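Take a look at the structure set out below.
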Amino acid sequence: ASFAAAPAPGAKVCVACRSGRVDADGYCENCGHAQPRERDHMEQELDAVAAVSDRGLRHHRNEDSFAVSSTALPDGSPAVVAIVCDGVSSASRP
């Protein structure tokens, strides 16, 4: 049996077999599994808040979007701003 070489540091690792390197077309060079698209799972962490969005069951791609930012209020106290858009499939710029 032949085994795929271990992925180089910094290379994307297959979500299915956890040992193969993902090629430029988005497939594992070890098991051939198609990898999730970049928008299928999105994460953003900022200070004490985090946002996560995953592709749902109805659409073939993730139709949700979010933005998280931090700022200071006029009095100097910290504030976190979060915007969540659920199901933006009909928007011109999701």
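Looking only at the range 50-82, count how many residues are in contact with a Ser or Thr (Cβ under 7 Å, 6 or more places away or on another chain) and in a loop (DSSP other than H, G, I, E, B).
Residues meeting the conditions: 4.
Among (1) surrounded by fewer than 13 Cβ atoms within 10 Å (Cβ to Cβ); (2) modelled with pLDDT of 75 or more, which single condition is H41 missing?
Of everything listed in (1) surrounded by fewer than 13 Cβ atoms within 10 Å (Cβ to Cβ); (2) modelled with pLDDT of 75 or more, H41 misses just condition (1).
Does the range 28-49 hold any residues that are part of a strand (DSSP E or B) and of a type in the set (G, A, S), and which are they?
Correct list: A34 only.
The values are calculated or read from the model by the stated rules, or taken from the named source; none is laboratory data. What you see is a predicted model; the values in this text were computed from it and never measured. Here the Cβ is made from the backbone with ideal geometry for all residues, glycine too, and neighbour counts use every protein chain on show.
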